[in-house]
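Worksheet for the structure shown next.
The values are calculated or read from the model by the stated rules, or taken from the named source; none is laboratory data. Since the model is a prediction, treat every value here as computed from it, not as a measurement. When we count neighbours, we look across all protein chains shown, and the Cβ atoms used for this are built from the backbone with ideal geometry, even at glycine. To get the accessible areas, we keep the full protein, side chains included, count just its heavy atoms, and leave off ligands, DNA and RNA. Shrake-Rupley method; radii C 1.70, N 1.55, O 1.52, S 1.80 Å.
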Amino acid sequence: MTLYSWGDPRRFPRLPPPTVRYFDVAPDSRVLAHCHWQPRPWEHPTIVALHGLNGSSDAHYMKGIAVKAFARGMNVIRLNQRNCGDTERLSAGLFHSGLTADPKYVVEELIAVDGLPSIAVAGYSLGGNLALKLAGEYGGGAPPQIRAFAAVSPILEISLCVRALERRENVLYEWNFVRGLKRRMKRKGRLQPGVFDLSRLPRIKTVREFDDAYTAPYFGFADAEDYYHRASAMRVIDRIRVPALILTAEDDPFVPVDPFREPSVVSNPSVKVVVTPHGGHCAFVERGNGEYDGYWAEREVVRFVNEHL
């Protein structure tokens, strides 16, 4: 199912053309968003959507959730993380899986500048970890306009996910992730000659090796394992006080289900966890009918968000 969702040539004729917007999340970093605004957007609820590793605002699930939410009368912000979606030129540095400062800045600008009355943050995979980590960091102090969070196949405990990715049967997935990470570093190298040591790239074969070489040292982590521990939403999930939905599958090839059954997760009354037998990673495809395309997780996230917005 994971492979099917990656290869499914989805089309979104009912999604209106987006408005491009930039958010200056740090003095040396700008992120790009594709925004779908309802007429008089300040009178409508909003979903901020976050993509996964090597994804972008153009990922099929980002557009899929956008078309479903827009049809329910919501504004949708499809946000690119730093350097994603061919935006390497916009940021001086790199990005990591727990960098919640960026979506936090975006959400709070939408509240302060746009006057949006109610906002939900929904993320897939890495973006799911960001959404849940942001919710935990806010704790009981989230702005009242933030009404819900949702995460599909979140890498809740990053170390376990990377370990699962290293299994022999996942060699295709790891190869694909590493290929994307290397390409991005090469683009950064062309844009900022001499800033990053690219001599180690040819020897890197795994995500862990990439993070040991680039992500961890750039952000001041001791090593990849230290980075994974500190960047995981699992560290703060017990602090979530805004309604949050988690959707994950037992047959996800590289997101183990055990963390989703930990007491800190299931005993939190603000967190609703749904573990399905099937669904793969960020897929959750069932038989469609009529207006429904069968992408179940997108539908359920929009339903959950709509209940709380």
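Taking region 74-112 as the range and being out of contact with any Pro (no Cβ under 6 Å at 6 or more places or on another chain) and among the polar types (S, T, N, Q) as the test, the residues that pass are Asn80, Gln81, Asn83, Thr87, Ser91, Ser97, Thr100.
Output the residues belonging to region 111-129 that are crowded, with 24+ Cβ neighbours inside 10 Å and closer than 15 Å to Ile146 by Cα. Let's see the steps before the verdict.
Restricting attention to region 111-129, the residues satisfying the condition of being crowded, with 24+ Cβ neighbours inside 10 Å are 119-129.
Scanning region 111-129 gives Ile119, Ala120, Val121, Ala122, Gly123.
Just one of (1) under 23 Å from Gly180 (Cβ atoms); (2) at pLDDT below 95; (3) of a type in the set (A, V, I, L, M, F, W, C) fails for Leu309. It is (1).
Of Gly140, Gly85, all but one fail to be open to solvent by 10 Å² or more (accessible area, probe 1.4 Å) and either at pLDDT below 95 or part of a helix (DSSP H, G or I) (or both); the exception is Gly140. Selection within region 57-75: residues that are open to solvent by 40 Å² or more (accessible area, probe 1.4 Å) and in a helix (DSSP H, G or I). The member of this set that is farthest from Pro18 (Cα to Cα) is Ala71. Taking region 222-233 as the range and being open to solvent by 10 Å² or more (accessible area, probe 1.4 Å) and in a loop (DSSP other than H, G, I, E, B) as the test, the residues that pass are Ala222, Asp223. Give region 271-290 a look and list any residue that's in a loop (DSSP other than H, G, I, E, B) and either open to solvent by 40 Å² or more (accessible area, probe 1.4 Å) or in contact (Cβ under 8 Å) with a residue 40 or more places away in the chain (or both), or say none. Once the filter is applied, which keeps residues that are in a loop (DSSP other than H, G, I, E, B) and either open to solvent by 40 Å² or more (accessible area, probe 1.4 Å) or in contact (Cβ under 8 Å) with a residue 40 or more places away in the chain (or both), region 271-290 yields Pro277, His278, Gly279, Gly280, His281, Cys282, Ala283, Phe284, Glu286, Arg287, Gly290. Could you tell me whether region 279-290 includes any residue that is among the basic types (Lys, Arg) and closer than 26 Å to Tyr138 by Cβ? Looking through region 279-290, none of the residues is among the basic types (Lys, Arg) and closer than 26 Å to Tyr138 by Cβ.
One line per residue, one yes/no per condition, for (1) over 18 Å from Asn83 (Cα atoms); (2) assigned to a helix (DSSP H, G or I); (3) among the hydroxyl-bearing types (Ser, Thr, Tyr); (4) open to solvent by 90 Å² or more (accessible area, probe 1.4 Å):
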{"position": "Asn170", "(1), (2), (3), (4)": "yes, yes, no, no"}
{"position": "Phe177", "(1), (2), (3), (4)": "no, yes, no, no"}
{"position": "Lys182", "(1), (2), (3), (4)": "no, yes, no, no"}
{"position": "Lys186", "(1), (2), (3), (4)": "no, yes, no, yes"}
{"position": "Gly189", "(1), (2), (3), (4)": "no, yes, no, no"}
{"position": "Gly194", "(1), (2), (3), (4)": "no, no, no, no"}
{"position": "Arg200", "(1), (2), (3), (4)": "yes, yes, no, yes"}
{"position": "Glu209", "(1), (2), (3), (4)": "yes, yes, no, no"}
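The numbered conditions (1) crowded, with 21+ Cβ neighbours inside 10 Å; (2) aliphatic (A, V, I, L, M); (3) more than 26 Å from Val106 (Cβ to Cβ) are all true for Ala151 except (3).
Check whether at least one residue in region 30-45 is in contact with a helix residue (DSSP H, G or I) (Cβ under 9 Å, 6 or more places away or on another chain), basic (Lys, Arg) and closer than 17 Å to Arg11 by Cβ, and report yes or no.
If we filter region 30-45 for residues that are in contact with a helix residue (DSSP H, G or I) (Cβ under 9 Å, 6 or more places away or on another chain), which is where we start, we get 30-36, 38, 45.
Now narrow it down to the ones that are basic (Lys, Arg): 30.
Adding the requirement that they be closer than 17 Å to Arg11 by Cβ leaves none.
Looking through region 30-45, none of the residues is in contact with a helix residue (DSSP H, G or I) (Cβ under 9 Å, 6 or more places away or on another chain), basic (Lys, Arg) and closer than 17 Å to Arg11 by Cβ.
Considering region 5-56, the residues that are basic (Lys, Arg) and open to solvent by 50 Å² or more (accessible area, probe 1.4 Å) include one that is nearest to Asn83 (Cα to Cα), namely Arg30.
Could you grab me the full set of residues in region 234-270 that are among the charged types (D, E, K, R), part of a loop (DSSP other than H, G, I, E, B) and touching a residue at least 60 places away in the same chain (Cβ under 8 Å)? If the condition is that a residue be among the charged types (D, E, K, R), part of a loop (DSSP other than H, G, I, E, B) and touching a residue at least 60 places away in the same chain (Cβ under 8 Å), then Arg241, Asp251, Asp252 are the ones that fit.
Pairs meeting the criteria (first residue in region 58-78 and free of Cβ contacts under 8 Å to residues at least 40 places away in the same chain, second residue open to solvent by less than 30 Å² (accessible area, probe 1.4 Å) and part of a helix (DSSP H, G or I), beta carbons under 9 Å, at least 6 apart or on different chains) are lacking. Filtering Ala135, Ala101 for residues that are over 25 Å from Trp6 (Cβ atoms) and surrounded by fewer than 20 Cβ atoms within 10 Å (Cβ to Cβ) leaves a single hit, Ala101.
Tally the residues that are polar (S, T, N, Q) and part of a loop (DSSP other than H, G, I, E, B), restricting the search to region 1-52.
Residues of region 1-52 that are polar (S, T, N, Q), as a first pass: 2, 5, 19, 29, 38, 46.
Going one step further and asking which of them are part of a loop (DSSP other than H, G, I, E, B), we end up with 38.
Total satisfying the criteria: 1.
Scanning region 154-168 for residues that are among the charged types (D, E, K, R) and assigned to a helix (DSSP H, G or I), we see that the one that is surrounded by the fewest Cβ atoms within 10 Å (Cβ to Cβ) is Arg168.
Across region 29-61, the number of residues qualifying as in contact with an Asp or Glu (Cβ under 7 Å, 6 or more places away or on another chain) and modelled with pLDDT under 95 comes to 0.
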